[in-house]
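Enquirer: Supplied in structure tokens, the structure appears directly below.
Quick note: the coordinates plus some simple rules give every number you see, no bench work behind them. Since this is a predicted model, take the numbers as computed values, not measurements. Every residue, glycine as well, gets a Cβ built from its backbone with ideal geometry; the counts of neighbours run over all protein chains shown.
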């Protein structure tokens, strides 16, 4: 419903993704040559480079595991059964009717349930099986020296070959499904640049909208510190009071906004709020710029930072015009 | 974040480097200079008074040699070159193998054919079963130590040279040796000395081994990298190092135990390959397998000898000899049918250094091909390596009732019953088995036999060695070795098919899905 350009893939994540992609593709190309399927690099080079790539892949995996643990990104891959059917329905039917994605992509949840399940399977099963069978294959003779005994290489080789087929099939599916984002290319661009239009959760919408609401509201906004000094006001507040710039009021004491005889009432209100009370509404007489009088409706509530009341804030609505109208009546 | 990139990149680089090439191989032998010095005789035998005389017989030369080199005959008499016997324990019982006792599928056996066979014995006069192996006069020093190239033993002379000019088979002339000149020029054995016998085993050049032949007299690097006249120019004895006349090395055609070997590793110390994976191959693959890609590269070797076809004469009663366009005999009425091959791709076997032999006393199954010698080993045998072999095949006479191989009398005078004079197999079998002291039923047949000859010579330069795909491919040289999984050669057809189906489903599914998206003009 609401989207925002977000840095969805961190630098390392993209580096990891593309390096992994390149390594898997290279491992597949060289690996199937070793398997005898075709001639590409030349057998000796294919074997040698396959082994180098295997080691590079292992190092990458170590870094990726470290990154996933330290950033907590591993949580993205916890599989869930929620919306799996919805996601399947989407790929099978919804997508052809331009139906919306059934699950929303957010920075906290980048993967849809099917992706979670697939990638979880890859990370927990396929890749470990490939890495372990691969290194057993590579160090077949040495494994015998340390006492691991295989009747033949064939079991290890078959398992490794099977894993390779699964990974190649995955890559084709993965490349295709990468086109099913918001546009044909949006997912791919995101994995290159890191940025993507991402749907916002309502909390994220709030985070985005609330500051704007306060800034642009027609209600005046104010924030006083514990000592009653003005710390922040919005444009509407300045307009209601007749000021033209925040510099004219920020840092000054709030008593300047009242007639001297009303100042104790303001101080008493501040004390009540600092004690934790809220003022639902109150009509007060103000003193605007150059002593211009006026009347407005006011709300007030304590402002908490780290559980401590640091001041008082609230909104004001000008009542002067209403009063004038009433007087005319 | 940049730091992590950097560290990752560095790590990848490091991981790659870890596997980078090792140092080149270490060759223990120190090269031409050392060899050339060793090849020079330390004594000028021409200056020795004892040799400045004329000799009436080869025995006189031997006595002259032994006059200075006393007790050397004891060393000689302890060697297989003298005894032609190799006692070994086979399947628990002690048997005596060696040239004297073994059956092969060339000229079959020594017994009863001595004067012909023993032309290659380092002695004089082994013409029958009564040769005195303790007579030091009978040691032939010259066949190994002649450096003039003029000393020749006559092919049917029981080890003796001729005493007067003689024609062999009406073709080749043999001259009496100039013993004085030869004796004054003795030295260490050259390739030609060893080759006198070892190049011509089986009755002609390269007949037996396939990797030992007259081209090794002055080979090019393409024929043999070690012996190359324009290269290291190594002699046989540089590898077949000799201690008290016992020459290291032996052949599994005549012996069975894993002893007294020459190893490539004696000079080429591990690691010999820059590539770790290649180096690892040497655990299960003999050096010879890759470094002798083909044998009989200069001249053909005999691959098939069918004795059953022997004895054909044309209508004029003349023995038939068929020579092919390349000059090889395809048929000889005395010996039967031959097949020759040049540039032969070896066959490969698992070999753990021990062999089994079919002895003349063993019962055979004539329905099957009889393996006269069998190289032992398998993938499961951790001591076995893959070896290249020449497999000599043929048909030879056997006792169809007693189910044993037969030693036929081939060579001799007509009245001796020799096959080559009478062309009567029954008579030849009777006389041969009689001489061997073995029973013969009077019924013979011909059985197909095989003999395994591990290849060791004709090593090529490294760049001509086998490459990966000679074995690691669907049309592998090792197709016959099926007891292990060989990457590139082996696969599970079912698994590969399932895998391809999986990939095709992924591709097909994606294309179909994408097309529908295009057609329905959804995003």
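Enquirer: Angle, helix B:425-436 long axis vs. longest principal axis of chain B, Cα atoms, 0 to 90°, nearest 10?
Expert: 80
Enquirer: Any idea how far the Cα center of the stretch B:36-67 sits from the one of the stretch A:144-206, in Å?
Expert: 82
Enquirer: Right, here's the next one. Taking each residue in A:39-46, count the Cβ atoms of any other chain within 10 Å of its Cβ, then average. What number comes out?
Expert: The shielding value for this peptide is 3.
Enquirer: Just tell me how shielded A:179-187 is by partners: mean number of partner chain Cβ atoms within 10 Å of each residue's Cβ, no decimals.
Expert: What the average comes to for A:179-187 is 2.
Enquirer: Per residue of B:503-513, what is the mean number of Cβ atoms on other protein chains within 10 angstrom of that residue's Cβ?
Expert: What the average comes to for B:503-513 is 5.
Enquirer: Quick check on packing: order A:231-240, B:413-422, B:111-120 by the mean number of other C-beta atoms within 10 Å, highest mean leading.
Expert: So the order, starting with the most tightly packed, is B:111-120, A:231-240, B:413-422.
Enquirer: If I model the stretch A:3-205 as equal point scatterers sitting on the Cα atoms and use the Debye formula, what is log10 I(q)/I(0) at q = 0.11, 0.14, 0.18 Å⁻¹?
Expert: Those come out to -0.62, -0.93, -1.33, one per q.
Enquirer: Quick one: Debye curve from the alpha-carbon atoms of the protein assembly as shown only, equal weights, vacuum; give me log10 I(q)/I(0) at q = 0.04, 0.05, 0.10 Å⁻¹ to two decimals.
Expert: -0.40, -0.52, -1.11
Enquirer: Right, another one. For the peptides A:165-173, B:366-374, what is the packing order when you average, over each peptide's residues, the other Cβ atoms within 10 Å and list the highest mean first?
Expert: Top to bottom by mean Cβ count within 10 Å: A:165-173, B:366-374.
Enquirer: Order A:251-261, A:204-214, A:133-143, B:387-397 from most to least packed using the mean count of other Cβ atoms within 10 Å.
Expert: Highest mean packing first, the order is B:387-397, A:133-143, A:251-261, A:204-214.
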